[in-house]
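Below is one structure, written out as structure tokens; comments come after it.
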């Protein structure tokens, strides 16, 4: 879809400081290396870069319009139109909000401390198999890709909207106060969901109360005619959602959407009866962990709010397969592996350890854990609790990496684990070497830690050592 100078000015409140004469531009781009002929190049400024340094490069590559917030260079801009705004980051969001309003899809927005990506993928899978007002939705769904869920990523996602798109399923991520409110303003959701409130990014929010306030900004920012989807099993979400004055759809125990007759299948997932209002469908979910059942209910509730039928819900949920490094289960040389190394916070650590404990294993259950980062003053008590949980969930061996490893070990030993079975490694590769000596067929291994810990590296080194 094209942009005109008038549209960019209307969306951003910017001022044309140089009119190159072109009346129609291509898509908005923030990376000069990806600029295509006729594109709008928007010069973002971050902590480590400044797009204004690449204006000439963008023009050389074909940019026909430049959106800036500082004084442009005197030469080298060819015939490009230049529009100056107060903040290019704000302008990026404003352009996305303008595109969202112009295309007018139904927007489903998801935030929360855990489960955003999995729930988003489940929602998209259901929608691809569903209908809206009698018309199939397949092929007309836009969704967040990768980690494009922040003040740059969400706008770039919405700027991909085309006229054919009927629904956009987007994640809203945050690491500091105020981001969810702005993201909600940009996305203008028709349906909003907070999956959970748990200790995460506490260095930025200070406390769990701060996290709750930030996540709750999604419900606060919903339009009066929007729908709030509420997780009744999370006390914080239940409280936050209860303040919304508009229509609500609940899920969990006693919710409008809930699971009945649950049959856990260990690493193979679970079977359950999905109940939505008065309807029921038997579903086999192939994702491991009780938390993925909650994600499935959340996805069903969101699509229920859109009017999608239960057959599409069942087919969509049953089509799901584990995502890389998110409770991804595999067998390797007789050993069971759970790669959940994408990220970690106290709630997701507990969920992963619980999933490991529920597996029927012929051998030992081994957890390979890295530090949970960005917890601020809550780091020490959170890692102490992690050690307790490892012991209480019956972990047979514990391999630890990171600055907080000693805290976890001390706590696990105090809770009853044999000290010889709680090992602190000096590096990913050294832990892999220790695992190589002790792991046997029939064992199950869990790999998890914050993204910065890169615990998947231990798994890769273990496989490499036995290649």
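The values are calculated or read from the model by the stated rules, or taken from the named source; none is laboratory data. Source: prediction; values computed, not measured. Here the Cβ is made from the backbone with ideal geometry for all residues, glycine too, and neighbour counts use every protein chain on show.
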Limited to the range 172-186, what total is found for residues that are without any contact (Cβ under 8 Å) to a residue 40 or more places away in the chain, loosely packed, with under 15 Cβ neighbours inside 10 Å and more than 17 Å from the chain's Cα centre (by Cα)? 1
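Just to be sure, is residue 9 in a strand (DSSP E or B) and either assigned by TED's automatic domain parsing to the domain that holds residue 62 or surrounded by fewer than 16 Cβ atoms within 10 Å (Cβ to Cβ) (or both)?
no
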Would you say residue 184 is at pLDDT 95 or above, closer than 23 Å to residue 350 by Cβ and assigned by TED's automatic domain parsing to the domain that holds residue 303? no
For the range 315-322, does any single residue satisfy the condition of being within 22 Å of residue 391 (Cβ to Cβ) and touching a strand residue (DSSP E or B) at 6+ places or on another chain (Cβ under 6 Å)? no
Considering the range 125-168 alone, what residues qualify as being in contact with a strand residue (DSSP E or B) (Cβ under 8 Å, 6 or more places away or on another chain), more than 22 Å from residue 1 (Cα to Cα) and surrounded by fewer than 21 Cβ atoms within 10 Å (Cβ to Cβ)? 128, 132
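Among the candidates 458, 422, 439, single out the residue that is in contact (Cβ under 8 Å) with a residue 60 or more places away in the chain and in contact with a helix residue (DSSP H, G or I) (Cβ under 7 Å, 6 or more places away or on another chain). Spell out how you get there, then give the answer.
Details: 422 fails: in contact (Cβ under 8 Å) with a residue 60 or more places away in the chain; 439 fails: in contact with a helix residue (DSSP H, G or I) (Cβ under 7 Å, 6 or more places away or on another chain).
Step by step, each of 458, 422, 439 is checked, and only 458 is in contact (Cβ under 8 Å) with a residue 60 or more places away in the chain and in contact with a helix residue (DSSP H, G or I) (Cβ under 7 Å, 6 or more places away or on another chain).
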In the range 314-327, which residues are surrounded by fewer than 21 Cβ atoms within 10 Å (Cβ to Cβ) and modelled with pLDDT of 95 or more? 314, 315, 318, 319, 320
Restricting attention to the range 170-198, the residues that are farther than 22 Å from residue 224 by Cβ and in a strand (DSSP E or B) number exactly 1
Could you tell me how many of the residues in the range 423-453 are buried (at least 23 other Cβ atoms within 10 Å of the Cβ) and in a strand (DSSP E or B)? 5
Tell me which residues, restricted to the range 24-38, are assigned to a loop (DSSP other than H, G, I, E, B), touching a strand residue (DSSP E or B) at 6+ places or on another chain (Cβ under 6 Å) and touching a residue at least 40 places away in the same chain (Cβ under 8 Å). 30
